[in-house]
Amino acid sequence: MGHLSSLGGIQTDGAPVSGGGLSQNGKFSYGYASSPGKRASMEDFYETRIDGVDGEIVGLFGVFDGHGGARAAEYVKAHLFSNLIRHPKFISDTKSAIADAYSHTDSEFLKSENSQNRDAGSTASTAILVGDRLLVANVGDSRAVICRGGKAFAVSRDHKPDQTDERQRIEDAGGFVMWAGTWRVGGVLAVSRAFGDRFLKQFVVADPEIQEVVIDNSLEFLILASDGLWDVVTNEEAVAMIQSVEDPEQAAKRLLQEAYQRGSADNITCVVEVVIDNSLEFLILASDGLWDVVTNEEAVAMIQSVEDPEQAAKRLLQEAYQRGSADNITCVVVRFIAGQENTTTVQQ
């Protein structure tokens, strides 16, 4: 299957852009919204991509917040996911493939840069959906937040220089962290991990922290966003704002608008991915010729293991007849399969 790819960060008139889509297997939908906000320049980029790899439908979503210009963020958007899906272990060992793709993309960007361009860098917050696995990887201070059971949970960590382990890593590599309006690596950069940043590369690494998110019926949606959102909206507020919004594009636009109204001074980019509940197994529609002699619970139990809806409908009809139903009997069974439906009607 081909991929659907957004044109992230190409706002020439300062107007927000938005869009969305649905995976072919019906397992997830997504929406995005991006705006320069109150800034004259745009350094945020994003990618929303659906692809087919080794027979698996995969979703790849990312937010890339540039600094020192847009070059690094634009490069990461263009190359990271392509490098990832070409990795020989993408399906079999997705975590190691993600780590390798981050490292390779960072190295290739630095090779592509003029030696005079030493300060371009980018964060990356990405979500990779492979089959029934969702992996979130992050460098920098763009953030991933999920809604599970109605509650907000951060599934990435903002990489800041004043964090104990990050400061220790930087100092062990020969660098230093100092206060200059906020804590900064070398007194310059306010994030401790990023793509690019050639002149700080020894200290500012592109090694992602990767977390696997369990996909179950309690997982509702995922938000990826640049710090243009998170600087003014808490995780809990973001989840509460969009929990009742069914369309993920409208949800992303809602977050963007709220960040702008709250005075965010940065570019703002939001991607919302909705995991569609596949827990619904089947539906039975029947006349009282069935229900006069079979309870709801009995009907469900009778056909729960019957995959063919025609055979399931016939099974219900036969049971009603054998139990002495004196009426006409009609049964319709609809079995739901990953966003599709299979329907059969049987009458007697």
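The values are calculated or read from the model by the stated rules, or taken from the named source; none is laboratory data. All of these numbers come straight from a predicted model, not from anything done at the bench. When we count neighbours, we look across all protein chains shown, and the Cβ atoms used for this are built from the backbone with ideal geometry, even at glycine.
Could you list, in sequence order, all residues of segment 178-202 that are touching a strand residue (DSSP E or B) at 6+ places or on another chain (Cβ under 8 Å) and within 18 Å of Lys111 (Cα to Cα)? Selection gives Ala194, Phe195, Gly196, Asp197, Leu200. In segment 77-101, the residues that are free of Cβ contacts under 8 Å to residues at least 12 places away in the same chain reach residues that are charged (D, E, K, R) with C-beta atoms within less than 7 angstrom, at least six apart or across chains, in these pairs: Ser96/Lys89.
For segment 51-94, residues that are in a helix (DSSP H, G or I), crowded, with 19+ Cβ neighbours inside 10 Å and of a type in the set (Gly, Ala, Ser) total 2.
Scanning segment 236-248 for residues that are under 16 Å from the mean Cα position of the chain (by Cα), surrounded by fewer than 18 Cβ atoms within 10 Å (Cβ to Cβ) and either among the polar types (S, T, N, Q) or part of a helix (DSSP H, G or I) (or both) returns a single hit, Gln243.
Can you find a residue in segment 94-106 that is under 20 Å from Val275 (Cα atoms), outside the structural domain of Trp183 (by TED's automatic domain parsing) and either within 17 Å of the chain's Cα centre (by Cα) or among the hydroxyl-bearing types (Ser, Thr, Tyr) (or both)? Yes; the residues of segment 94-106 include at least one that is under 20 Å from Val275 (Cα atoms), outside the structural domain of Trp183 (by TED's automatic domain parsing) and either within 17 Å of the chain's Cα centre (by Cα) or among the hydroxyl-bearing types (Ser, Thr, Tyr) (or both). For first residues located in segment 169-185 and free of Cβ contacts under 8 Å to residues at least 60 places away in the same chain, partners that are assigned to a helix (DSSP H, G or I) and lie 6+ apart or on another chain with Cβ distances below 7 Å form the pairs Val177/Arg167; Val177/Ile170; Val185/Ile170; Val185/Leu200. Scanning segment 249-262 turns up at least one residue that is more than 16 Å from Phe153 (Cα to Cα) and assigned to a loop (DSSP other than H, G, I, E, B). His104 passes every criterion in (1) assigned to a strand (DSSP E or B); (2) more than 30 Å from Ala251 (Cα to Cα) apart from (1).
Here is a list of conditions, (1) at pLDDT 95 or above; (2) part of a helix (DSSP H, G or I), and Ser125 meets all of them except one; can you say which number that is? Only one criterion in (1) at pLDDT 95 or above; (2) part of a helix (DSSP H, G or I) is unmet by Ser125, namely (2). Within segment 156-185, the set of residues being crowded, with 17+ Cβ neighbours inside 10 Å and more than 17 Å from Arg143 (Cβ to Cβ) comprises Arg167, Arg169, Ile170, Gly175, Val177, Trp183, Arg184, Val185.
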